[in-house]
Amino acid sequence: MKTMLVFSTVYTFAVLFVSTTAEPKSTSCNEVRAAYSSKGFNSNDVPNKGIHGTHLKVCPQEYSCCTLEMEEKLSQQSHSDLKAPISQLSTNLQSTFKQRHSHFDQFFRELLDNAERSLNDMFVRTYGKMYVQNAELFKHFFQELKRYYVSGSGVVNLDSMLSDFWEDLLERMFRLVNVQYEFSDAYMECVSRHTEQLKPFGDVPRKLRLQLTRAFVAARTFTRGLALMPEVVNKVSTVNVSPSCVRATMKMMYCPYCSGQISLKPCQNYCLNVMRGCLANQADLDTEWNNFLDAMLSLAERLEGPFNFESVMDPIDVKISEAIMNMQENSMQVSQKVFQGCGQPQPGKGFRSRRSVKETGFTGRFRPYSPDARPTTAAGTSLDRLTTDVKKKLKHAKKFWSTLPETVCVGERITSGDDCWNGTAKSRYESVVMGNGLANQVSNPDVEVDITKPDLVIRSQIAVLKEMTSWLKAAHSGNDISSDQDEDGSGGEESGSGCDSPSCEVDRDIYFSTMATPINPRLVKMVHQDTSGGVRVAHGSMALALSALVLALLAPHWR
């Protein structure tokens, strides 16, 4: 009897103990109902009291305030909640570099417009009607520069375009300084064959070709790099979330709801494992992303230094004037060398030996600019300011993809201490945190990741970044190797640079020492020139207004 009494007493206490421990789990689900309703779901889905969770597929199968229907809806919500912070971070990054691309692109385009306007104003003041009648020829020069900036070497071969410009310029000037003669097409072809020895414009064409090529290649490649960044971010950030990731996120974020612990947050390391599993493919982008950013930063330094687009375009009017004055000074020597190599030309029919300055409508003198006459700064800024700003943003964007889990698992989303949700209960998280990338997820305790199936979208973006990085590195050396699949361009013809070594140590002599204002032209005199190098001459339709200067200066010799 005593034994039975003792057993009965123990059994009674056991039942009471179970009842008291189970009672908290079966209490009201009002807090869960309120939290569930705040997510936009029907509060009637929530049971009044906790029920046994054997029906649950994700959360612990204990007494729960969740039904299977609630679990499915919360899984959908967890999908959105997972993408929200990633989408926000990605949107911010896209916005940052869309804005920087717009700033750089606007700046480069305005520099080109300003340079054209400055040259036009300068030559109108200097040559008046003679320039105005032929202004479309210089307009074509700038149109080609703009087309190259937009579409690259697939549409405009910069070397050929510059050669044609100087060739047409030389042909027109040669005819005008030798107006007493007639030149056949065959004769001008002979002139063309001898131009390498003539060097009529001095060293200006060579220097300008080097400067323009390097500056344009650097500017357009850098701008394309800035345009590429938002595209890559957009495609990578919209990669679909796997079902196993949705399941893991649901378990991490909303299973505490089901247990009635609304305010319980995930443990930080638990969150990291879930996010590193869910963002494993994105993390694999990081290496090529960082290589791309390093190449962008390196090219930005070129833009600040030897490949400075602004320092090339702003004084281009003075540089072309300098070339004209070199031809003016060398005209007699150039003509003598041509006559020696190609033969004495035939005198022109009906040539008048006297031409007055009044007939040319040109005074033969530059009118100096005041400092206020120079164009205003493009886009209200400077290249130095733009590059300083963008370098900070580029540096900040490094390791963006590999640090996404850490960026997401911070603040109110997690609990840093031990009183946190570890996936099954309110307790310390004991598992080891996985590394970044797909290969490191083989033993992830919280997310099932198939490491044998990398995401194809992300792999394609890795290839895109790798290709763009090669273009940036080539541009760093002054070379355009891009496929030029831009607005109007296609193909992949290279544009030369004059810079072969990777370090691309820029020759000091490519810099012009031009004055801030044009100088007054001097009378023609014999100048001994180095006969190496030069500019090719070809037939073209270009007429030079500036050559009137030569006519005015040579008029006394023809009388």
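Six or more apart or on different chains, Cβ under 6 Å: which pairs go from a residue in the stretch 61-82 that's closer than 13 Å to SER259 by Cα to one that's of a type in the set (Lys, Arg)? Could you list them?
TYR63/LYS25
State which residue is most open to solvent (accessible area, probe 1.4 Å) when the search covers only the stretch 34-79 and only residues that are of a type in the set (D, E, K, R) and in a loop (DSSP other than H, G, I, E, B).
That would be LYS57.
Could you check how many residues of the stretch 229-285 are of a type in the set (Phe, Trp, Tyr) and open to solvent by 10 Å² or more (accessible area, probe 1.4 Å)?
So the count comes out to 1.
Show the residue pairs that are 6+ apart or on different chains and have beta-carbon atoms under 6 Å apart, the first residue being within the stretch 237-249 and more than 17 Å from GLN77 (Cβ to Cβ), the second being open to solvent by 30 Å² or more (accessible area, probe 1.4 Å) and among the β-branched types (Val, Ile, Thr).
Once the first residue is more than 17 Å from GLN77 (Cβ to Cβ) and sits in the stretch 237-249, its partners that are open to solvent by 30 Å² or more (accessible area, probe 1.4 Å) and among the β-branched types (Val, Ile, Thr) give VAL239/VAL457.
Here's the yes/no breakdown for (1) modelled with pLDDT under 85; (2) open to solvent by 40 Å² or more (accessible area, probe 1.4 Å); (3) closer than 24 Å to TYR131 by Cα; (4) not aliphatic (A, V, I, L, M):
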position: GLU171; (1), (2), (3), (4): yes, no, yes, yes
position: PHE183; (1), (2), (3), (4): no, no, yes, yes
position: TYR187; (1), (2), (3), (4): no, no, no, yes
position: GLN197; (1), (2), (3), (4): yes, yes, no, yes
position: PRO200; (1), (2), (3), (4): no, no, yes, yes
position: GLN211; (1), (2), (3), (4): no, no, no, yes
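If ARG214 satisfies all but one of (1) in a helix (DSSP H, G or I); (2) within 27 Å of CYS66 (Cβ to Cβ); (3) of a type outside the set (S, T, N, Q); (4) in contact with a Phe, Trp or Tyr (Cβ under 7 Å, 6 or more places away or on another chain), what's the number of the condition it fails?
Tallying (1) in a helix (DSSP H, G or I); (2) within 27 Å of CYS66 (Cβ to Cβ); (3) of a type outside the set (S, T, N, Q); (4) in contact with a Phe, Trp or Tyr (Cβ under 7 Å, 6 or more places away or on another chain), ARG214 fails exactly one: (2).
Looking at the stretch 338-350, I want the residues that are assigned to a helix (DSSP H, G or I) and have a partner that is of a type in the set (Phe, Trp, Tyr) and surrounded by 13 or more Cβ atoms within 10 Å (Cβ to Cβ) with Cβ atoms under 7 Å, at least 6 apart or on another chain. Which pairs are those?
CYS342/TYR187
Search the stretch 205-222 for residues that are in contact (Cβ under 8 Å) with a residue 40 or more places away in the chain and under 15 Å from GLU301 (Cβ atoms) and pair each with any residue that is open to solvent by 10 Å² or more (accessible area, probe 1.4 Å) and charged (D, E, K, R) when their beta-carbon atoms are under 9 Å apart and the residues are at least 6 apart or on different chains.
Hits for this filter: ARG214/ARG302; ALA215/GLU310; ALA218/ARG302; PHE222/ARG302.
Against the condition part of a helix (DSSP H, G or I), among the β-branched types (Val, Ile, Thr) and closer than 24 Å to MET313 by Cα, how does VAL191 come out, does it pass?
No; evaluated as a whole, the condition is false for this residue.
For GLY154, indicate whether it is in contact (Cβ under 8 Å) with a residue 12 or more places away in the chain and surrounded by 18 or more Cβ atoms within 10 Å (Cβ to Cβ).
Judged against the criteria, GLY154 is a match.
In the stretch 114-156, how many residues are more than 25 Å from the chain's Cα centre (by Cα) and not in a helix (DSSP H, G or I)?
Qualifying residue count, the stretch 114-156: 3.
In the stretch 238-264, which residues are within 21 Å of VAL32 (Cα to Cα), modelled with pLDDT under 90 and among the β-branched types (Val, Ile, Thr)?
Answer for the stretch 238-264, where residues must be within 21 Å of VAL32 (Cα to Cα), modelled with pLDDT under 90 and among the β-branched types (Val, Ile, Thr): just ILE262.
Out of curiosity, is ARG109 under 27 Å from LEU228 (Cα atoms) and surrounded by fewer than 17 Cβ atoms within 10 Å (Cβ to Cβ)?
yes
Quick one: would you say GLY411 is exposed (fewer than 15 other Cβ atoms within 10 Å of the Cβ) and more than 30 Å from GLN211 (Cα to Cα)?
Criteria met by GLY411.
The values are calculated or read from the model by the stated rules, or taken from the named source; none is laboratory data. Treat the numbers as computed from the prediction; the structure is a model and nothing was measured. We place every Cβ from the backbone using ideal geometry, glycine too, and count neighbours over all the protein chains shown. Quick note on the areas: whole protein, heavy atoms, side chains included, nothing else; ligands and nucleic acids left out. Shrake-Rupley method; radii C 1.70, N 1.55, O 1.52, S 1.80 Å.
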